[in-house]
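Have a look at the structure below, then the notes.
The values are calculated or read from the model by the stated rules, or taken from the named source; none is laboratory data. Every value quoted in this text rests on a predicted model; they were computed, and no experiment measured them. Note: ideal-geometry Cβ built from the backbone for every residue, glycine included; neighbour counts use all protein chains shown.
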Amino acid sequence: MPEGLKVTREALPRTVRLVSTARLRESVLLGLVDAAELDALAEIEGATSSRLIAETRGTSAVDPRELVFGVPHAAHINAAFAYARPHALNRFNGPERGAWYAALEVETSLAEVGFHLTQFLAATGVYEAVVEYGELYASFAGEFIDLRAAPDHPALNPDPAAGYPAGNRLADAVRAEGLNGIIYPSVRLAGGTCIAALFPHAVQSVAQGDVWRLTWAGSPEPVAQRIG
């Protein structure tokens, strides 16, 4: 473990993760096909879904024995680790293995997801979009690396090209030590606190909350609206 970093034992009763509402809905095909066709679709999904592949036989970076089963929203927990951005890094995970990112405050989660969507829109040159996200609450208890006392750590560099490689190196060291993850100050909202859980078992008591709509109407600053 890198010297000078604090390991803290924390109990976080409620954190907020935002996921696309498309992930929270049942398939629109359910009302359009019969049982036999649904079985066929399920077989196709099983052959192509990263989550189902990870759950049944694992992937190069995810062992099926570390995934969770029989708990509420197990599919969402497992999907967070089975899916990652192809050929790209996030702050504390690479393209082969995901992580569960959340925040203590929904405003922080909105700032984090809003930043990434704004970056995508900036690449197109058109700030016009409407995206809906659902809240997933979760609790955590255990040992974490705590970067709140190390705001100048390289992993917290706001430039992804510098911060993400450093964050991945730190995450590799944290997993090797068997710690649950990393608590860190939000890079996108001053005063916010984020958590990156690096193991599925660390994510506890998941429950679904409200839905938020982010609207870009010609400006890089989205308007956030709770729609229930």
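So in the stretch 103-154, with the set limited to residues that are under 21 Å from the mean Cα position of the chain (by Cα) and of a type in the set (S, T, N, Q), which one is farthest from ARG188 (Cα to Cα)?
In this case the residue turns out to be SER139.
Here is a list: ARG175, ARG169. Which entry is surrounded by 16 or more Cβ atoms within 10 Å (Cβ to Cβ), among the charged types (D, E, K, R), assigned to a helix (DSSP H, G or I) and more than 15 Å from the chain's Cα centre (by Cα)?
Testing whether each residue is surrounded by 16 or more Cβ atoms within 10 Å (Cβ to Cβ), among the charged types (D, E, K, R), assigned to a helix (DSSP H, G or I) and more than 15 Å from the chain's Cα centre (by Cα) leaves just ARG175.
For the list (1) in contact (Cβ under 8 Å) with a residue 40 or more places away in the chain; (2) in contact with a His (Cβ under 8 Å, 6 or more places away or on another chain), I need the number of the one condition that PRO95 fails.
Result: PRO95 fails condition (1) only.
For the condition modelled with pLDDT of 95 or more, in a strand (DSSP E or B) and of a type in the set (Gly, Ala, Ser), what is the one hit in ALA207, ALA190?
The conditions single out ALA207.
Consider the stretch 185-228. How many of its residues are under 13 Å from GLU112 (Cβ atoms) and aliphatic (A, V, I, L, M)?
Looking only at that region, the number is 7.
Quick check on GLU3: is it assigned to a loop (DSSP other than H, G, I, E, B), among the acidic types (Asp, Glu) and at pLDDT 90 or above?
Spelling it out, it is not the case that GLU3 is assigned to a loop (DSSP other than H, G, I, E, B), among the acidic types (Asp, Glu) and at pLDDT 90 or above.
Of everything in the stretch 193-204, what is part of a strand (DSSP E or B) and of a type in the set (A, V, I, L, M)? Give them in sequence order.
Listed by number, the residues that qualify are ILE195, ALA196, ALA197.
Mind checking which residues of the stretch 112-134 are more than 30 Å from GLU177 (Cα to Cα) and either surrounded by 20 or more Cβ atoms within 10 Å (Cβ to Cβ) or among the basic types (Lys, Arg) (or both)?
Hits for the stretch 112-134 are GLY114, TYR133.
Which residue pairs have Cβ atoms closer than 6 Å, lie 6 or more positions apart in sequence or on different chains, and pair a first residue in the stretch 149-160 that is surrounded by 13 or more Cβ atoms within 10 Å (Cβ to Cβ) with a second residue that is among the acidic types (Asp, Glu) and modelled with pLDDT under 95?
Note: no pairs meet the criteria.
If I filter the stretch 145-156 for residues that are out of contact with any Cys (no Cβ under 9 Å at 6 or more places or on another chain) and assigned to a strand (DSSP E or B), do I get at least one hit?
Within the stretch 145-156, one or more residues are out of contact with any Cys (no Cβ under 9 Å at 6 or more places or on another chain) and assigned to a strand (DSSP E or B).
Tally time: how many residues in the stretch 58-78 are among the polar types (S, T, N, Q) and within 20 Å of ASP172 (Cβ to Cβ)?
Residues flagged as among the polar types (S, T, N, Q) and within 20 Å of ASP172 (Cβ to Cβ) within the stretch 58-78 amount to 2.
Which residues, counting only those in the stretch 71-90, are under 13 Å from TYR101 (Cα atoms) and among the aliphatic types (A, V, I, L, M)?
Selection gives ILE77, ALA79, ALA80, ALA84.
Anything in the stretch 150-205 that is in contact with a strand residue (DSSP E or B) (Cβ under 7 Å, 6 or more places away or on another chain), closer than 19 Å to GLU107 by Cα and among the β-branched types (Val, Ile, Thr)? List them, or say none.
Scanning the stretch 150-205 gives ILE183, THR193, ILE195.
Kindly indicate whether any position in the stretch 89-100 is of a type in the set (A, V, I, L, M, F, W, C) and out of contact with any strand residue (DSSP E or B) (no Cβ under 7 Å at 6 or more places or on another chain).
Checking the stretch 89-100: at least one residue is of a type in the set (A, V, I, L, M, F, W, C) and out of contact with any strand residue (DSSP E or B) (no Cβ under 7 Å at 6 or more places or on another chain).
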